[in-house]
Amino acid sequence: MFCTNCGQQIDDDAKFCRHCGTSVQSASPANAPAKKMSMSSPPKKTISPAFIGIILAAALAAAAAVGGILYVTSRGTDDTEKVEVSSEKTSKKKEAPKEDASIPETDDTEEPPAATATKELLQDYLDTELIPQYGTANLSAQTKTFDSETVHTEAPENPFWTTSAGLSDARIYDLDQDGDEELLVFLLTEENVTLCIYEAEDGKVHQTVEFPQERCTDIDGFDLSWSLLTADGIPYLFYQELNYGLIWDYSDTNAGLYRYDGQQLYAPLVIAQTAGGSSDFVFTAYQYSPEGELLNEEVVYGMDSESGPDYSMEYYFQRVAELFDTYGIHLDSNIDSPLELDIYQNITDADDYEVLLQMEMWADYLMQDDSYFHVYHFNDFDSPIAHYRRFLAGEETVQMREGVWYYGDAQAEWSVYDIQAELANSYLSGTDRLPYIQYTYLDCGGDGVEELAIRFVGLDIYAQDDDSDCTMIITCSGDLLEVVYTCESWARSYTSPLYHGCIPSSGSAGAGDHPFDMEYLDADGNLHTVYDAEELGGIWFRRLDPDIYDTVFGSDEPNAAITHYYMNGTDYLVVQTFDDLPDPRFEEYASLCEQKGMRFVSRDEILGLIEQYAGELGIETEWLYEEELSWNYSY
């Protein structure tokens, strides 16, 4: 039959005209049963030029990896958690607009029934078909460590990728501006990333684009953003990606615009690094027609001898801005940081802009026990590591929680260099030296949200070059960085935070006096004391109670040590003798001590009591015995 409004031919059992959205329910029986959704599989749509396929694959791989944050609203959520899909109302036309036509403004206070039905159909398909079939990819922040000697032989094929699989991002949006929304889905598996676009028609959902690509395997890190923007009324998918190596060898830098025309995804414009590594970069611009025909190819920047002298950095920024301007996207060609190649920083000035995906992944060198490790960090929107990195670079400041900093609250905010200078002024006055900075990351309380541990080494507290240090732990809540823990250690002491927030400290107060303790910083940044202890040898344990000691031992120094634990309001004493036969006088000594409320226990008993009380504080037993963390140098 034909639509009575626009005259286009439609199916006999259609409820709405798929061309103009007019209701045609009168043409169908009122009690007609709903059609069961099905998914057809037309031939795969590919992008004609091989180069564009490679560029898109790299972008989609990283985009799909980070997209899981749009599904999983908190760390540790079940992979089948329901997806949150954002959609935007779009003006509907009787005819699909041409590629270069602007969309006139219309009154969209009430969405046409066809659009609502389409959106509901796609949402239902996502919820009832795709998510149960594939699950959702929970890509929360991760840190992976590999020994430098085995990272290339024993590490997984893709050591920097998460193993999570499933749907990692979804959006319902009218990508081709034909009046009906499409469903855009990124599917992540252990082998590849697949971009799928689904259309709804006549009560059925079918796939129009399926673009699978293997994951990248030869980079040490990347930054990637994937956004939806509208310029001159035309929607584009914009991506920017930077792949790099551990020695800052920027091996691949790409950016581009992508369009969906209802049948295929193609690239109107791509700016790609086509040659170079550390010193001979070449960037080339490509423009394509919807049919995949190469319309224009030009080198816009070149450091190699073949590119010639005219391709300067200034020319690169100018030409890229001119190319994007032809699509109604205005860039600033006079940016302040040309070496960062960040000409795209004001891309948000487009008429309509939404960040779909944003991800950082990088690798550090850490050293522990004279061995180097590769530590790969993978983070998403929930991760505060990006803030910590900016703090370490001097680009963000921290506040001091009351009572944790030795120098008062005269200064509200501190940069890393402010703290470094304050410590140098206090401990290294009269020299031109500064303490050097080390850092590592914690997961206090095991909630999946990182804390930054930073220490300033070389304070000369005991003697020159004694490697004494000041250790700080910094939390991130929203955009607020706060120092919640500070401890100074000198040459005869140490403080070393463990990964899940336990903080053992140890030191020396004299030849026979060895104090040590265990504190715990929970996920909320609150500090708890697990125990305070002192190991007192010989005459040193006289200080526990001089009267009892003099009564039992007099001037005779026993060949033993007593460790005094104070935990949860109770004193515990553990005896350690230094010969085969214990001193019989300890029985009397213990009896008199217990009359004053002190309790003698064995070493196994005190360990059990510590683990029990730690459990009451929310500490898992294995957290008490974790190895010391690796520290990275900050330059």
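The values are calculated or read from the model by the stated rules, or taken from the named source; none is laboratory data. Note that this is a predicted model, so its numbers are computed, not measured. For neighbour counting, all protein chains shown are included, and Cβ atoms are generated from backbone atoms with ideal geometry for every residue, glycine included. When the accessible area is computed, the model is the full protein with side chains, heavy atoms only, and any ligands, DNA or RNA have been set aside. Shrake-Rupley method; radii C 1.70, N 1.55, O 1.52, S 1.80 Å.
At-a-glance table
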item	result
With eigenvalues of the C-alpha gyration tensor scaled by 5 and rooted, the stretch 444-487, Å	28, 10, 7
From phi via Karplus (6.51, -1.76, 1.60), per-residue ³J(HN,Hα) for the stretch 287-302 in Hz, x at Gly/Pro	10, 10, 7, x, 7, x, 6, 6, 8, 7, 9, 8, 6, 9, 7, x
16 Å reach of a label modelled at Asp418, 7 Å along Cα-to-Cβ, counting backbone N of the stretch 452-480	474-475, 480
In Hz, Karplus ³J(HN,Hα) per residue of the stretch 535-540 (6.51, -1.76, 1.60; θ = phi - 60°; x = Gly, Pro)	9, 10, x, x, 5, 5
Nonlocal amide H pairs with Glu201, under 5 Å, H built at 1.01 Å	His206
Long-range HN-HN contacts of Val530 with modeled amide H, under 5 Å	Met518, Glu519, Tyr520
Calculated Rg and Dmax of the stretch 495-635 using C-alpha coordinates, Å	17.4, 59
Accessible area in the full protein assembly, largest first, 1.4 Å probe, for Lys119, Lys204	Lys204, Lys119
Built amide H within the under 5 Å cut-off of Met400, gap 5+	Val483
Integer Hz, Karplus 6.51/-1.76/1.60 couplings in order for the stretch 421-433, x for Gly and Pro	5, 5, 5, 5, 5, 7, 10, 10, 4, x, 10, 9, 8
Which of Thr230, Thr274 is most accessible, then next, and so on - probe 1.4 Å	Thr274, Thr230
Carbon plus sulfur fraction of accessible area for the stretch 426-560, probe 1.4 Å, in percent	44
Size of charge dipole - the stretch 496-623 - debye, nearest 20, with Cβ of Lys, Arg +1 and Asp, Glu -1, no other charges	180
Cα gyration tensor shape for the stretch 456-518, rounded if a/c is under 1.5, else prolate or oblate	oblate
